[in-house]
Amino acid sequence: CVIGAGIVYYQNKKNETKLNRRFPSVVNKVRVVTTGDRTIDEYVGNVATGNKTLSVAFVEVDSKGKGAATEGSQTPKFDEVVVVLKGRFEVKYNDGKERIEAIGGQTILLPKGLKYEYNFPTGNCSYVPICMPAFSPDMVS
């Protein structure tokens, strides 16, 4: 996806690259995940726009007072930028031997091919993951 100067490239349902007019357009978010402790709304990506180049989502983690929350380890085939809006976002890597943490107002950069695990120490966190190329389940092992 290329965004700029009012130009948005995306994939249509036939997987053809399509130029969406030279003026701004509005895309509705699509709820792609709902679990007991999190929701994920995609704004740009495979589901929301058919875009395979870039995905942007909003994730809300709320353990409902049950303490820390985690997400299983993954080794993505995409680069990921995680913009933390509120709460604490921790990434464990190198088989859990190392970790990095960001709080609201900070960003974590995660290179493709790195095996890591998300941890939310307080059980509450809001963040925006930006994946290049776009997130899809087959891009994660």
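Suppose accessible area is computed on protein heavy atoms with a 1.4 Å probe; arrange L85, L109, L54, L114 from highest to lowest. Provide the component values of the computation, followed by the final result.
On the way: L85 90, L109 125, L54 25, L114 55 Å².
Listed by decreasing accessible area, they come as L109, L85, L114, L54.
Mean sequence separation of contacting Cα pairs (under 8 Å, at least six apart), scaled by the length of the chain, corresponds to a relative contact order of 25 percent. For region 57-118, trypsin sites (Lys or Arg not before Pro) meeting the loop criterion (DSSP other than H, G, I, E, B) and having at most 11 other Cβ atoms within 10 Å: K64, K66, K97.
Stokes-Einstein diffusion coefficient for region 20-76 at 10 °C in a medium of 1.306 mPa s, Rh from the Kirkwood formula over Cα pairs: what value in µm²/s?
Details: Rh = 13.3 Å.
Answer from the Stokes-Einstein relation: 119 µm²/s.
Here the chain has 55 percent of its accessible surface on carbon and sulfur atoms, given a 1.4 Å probe and all protein chains in place. Among Y118, Y43, the order of accessible area from largest down is Y43, Y118, computed with a 1.4 Å probe on protein heavy atoms. Taking the chain as a Gaussian network, Cα atoms linked when under 10 Å apart, which of F120, F23, F58 shows the biggest mean-square fluctuation? Highest fluctuation among the options: F23. Under a model in which nothing but the beta-carbon of Lys, Arg (+1) and Asp, Glu (-1) is charged, the chain shows a dipole of about 460 debye around its Cα centre. Averaging 1/r over each pair of different alpha-carbon atoms in the chain and inverting the result gives 15.9 Å, the Kirkwood hydrodynamic radius. Shown in residue order for region 60-76 are the 3J(HN,Hα) couplings computed by the Karplus curve 6.51 cos²θ - 1.76 cosθ + 1.60 at θ = phi - 60°: 10, 10, 8, 7, 6, x, 8, x, 4, 10, 9, 10, x, 5, 8, 10, x Hz (x for Gly and Pro).
Residues in region 77-82 carry Karplus couplings, in order, of 9, 9, 7, 10, 10, 10 Hz; the curve used is 6.51 cos²θ - 1.76 cosθ + 1.60 with θ = phi - 60°, and Gly or Pro positions show x.
The values are calculated or read from the model by the stated rules, or taken from the named source; none is laboratory data. What you are looking at is a predicted structure, and each value in this text was computed from that prediction instead of being measured. Cβ atoms come from the backbone with ideal geometry, glycine included; neighbour counts cover every protein chain shown. Note: accessible area is taken over every heavy atom of the protein model, side chains too, but ligands, DNA and RNA are not part of it. Shrake-Rupley method; radii C 1.70, N 1.55, O 1.52, S 1.80 Å.
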